[in-house]
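Please read the structure below before turning to the comments.
The values are calculated or read from the model by the stated rules, or taken from the named source; none is laboratory data. Here the structure is a predicted model, which means the values were calculated and not measured. Cβ: placed from backbone, ideal geometry, glycine included. Neighbour counts: every protein chain shown.
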């Protein structure tokens, strides 16, 4: 049975942990408010960019372009967006599991944004081609554009044949959805009836389709990557806030239980002392 000293030491330790988790929850809450506003304010632009590109390509007929066809290489590239820190519930592990279940490790290069995803995928046999972990600390559109240039160069050289984006979609404060999107070759979503969702009028390009697609596809990719970065930052802070809130609640319950144990042990010690005093007095009086 634990002594009063052991119970008190453990209670004090948990109280210190509770103060840390409570502080981390407050920090995550403030960061969540900022990142959520930023993600929500920029989301209409990225949605419009996706709809516009889908509309253009769906009206292009049987046009052949390097960004609309799979490359010659069987290798795939995935941009895996996670965080540099833990204590965010299953946020990081969900991305690792998603990529691991959907893409073959032996044929996939990882372009890591976030050390947790980088390390988790490396342990599962994925080759980490590049590490951009510092980007997630303060995402900027320039970072997405630079990464786009590097990936498109590798795609054009035939080093990779497909490009994917793995990130966490921010639905609300407590719901964050791990998502895998295929960036290249550009594909349209197909309805359940088998028809593409875009209009069928032929698109005219000026000066020509090659020049136009060479210009707009990189912007399309950069926009989706930057949008995913903002969504992921909001999701990370939401996940960390939820995890720290749960940890704080658990700590409070444990402190209550330990306080009750301590009071019972203290009451037992007092009762034992009184019993010994009474027994001693009776022995002297006898």
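Observations, loosely collected:
- Of all the numbered requirements in (1) in contact (Cβ under 8 Å) with a residue 24 or more places away in the chain; (2) under 17 Å from the mean Cα position of the chain (by Cα); (3) surrounded by fewer than 19 Cβ atoms within 10 Å (Cβ to Cβ), residue 58 misses one, and that requirement is (2).
- Residue within segment 217-224 that is surrounded by fewer than 23 Cβ atoms within 10 Å (Cβ to Cβ), assigned to a helix (DSSP H, G or I), on the phi < 0 side of the Ramachandran plot and free of Cβ contacts under 8 Å to residues at least 24 places away in the same chain present: no
- Residues that are within 15 Å of residue 56 (Cα to Cα), within 29 Å of the chain's Cα centre (by Cα) and modelled with pLDDT of 80 or more do occur in segment 198-217.
- Checked across segment 71-84, the condition of being surrounded by 15 or more Cβ atoms within 10 Å (Cβ to Cβ) and without any contact (Cβ under 8 Å) to a residue 40 or more places away in the chain holds for no residue.
- Test: residue 30 is surrounded by 14 or more Cβ atoms within 10 Å (Cβ to Cβ) and either assigned by TED's automatic domain parsing to the domain that holds residue 131 or part of a helix (DSSP H, G or I) (or both): no
- Residue 113 meets the stated requirement of being over 26 Å from residue 21 (Cβ atoms) and under 24 Å from the mean Cα position of the chain (by Cα).
- Scanning segment 133-170 for residues that are without any contact (Cβ under 8 Å) to a residue 40 or more places away in the chain and surrounded by 13 or more Cβ atoms within 10 Å (Cβ to Cβ) turns up 146, 150.
- Qualifying residue in segment 92-108 (condition: in a strand (DSSP E or B), more than 15 Å from residue 234 (Cα to Cα) and touching a helix residue (DSSP H, G or I) at 6+ places or on another chain (Cβ under 9 Å)): yes
Condition check ((1) in contact with a strand residue (DSSP E or B) (Cβ under 9 Å, 6 or more places away or on another chain); (2) closer than 21 Å to residue 226 by Cα) across all residues:
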{"site": "20", "(1), (2)": "no, no"}
{"site": "25", "(1), (2)": "no, no"}
{"site": "31", "(1), (2)": "no, yes"}
{"site": "35", "(1), (2)": "yes, yes"}
{"site": "40", "(1), (2)": "yes, yes"}
{"site": "52", "(1), (2)": "no, yes"}
{"site": "63", "(1), (2)": "no, no"}
{"site": "72", "(1), (2)": "no, no"}
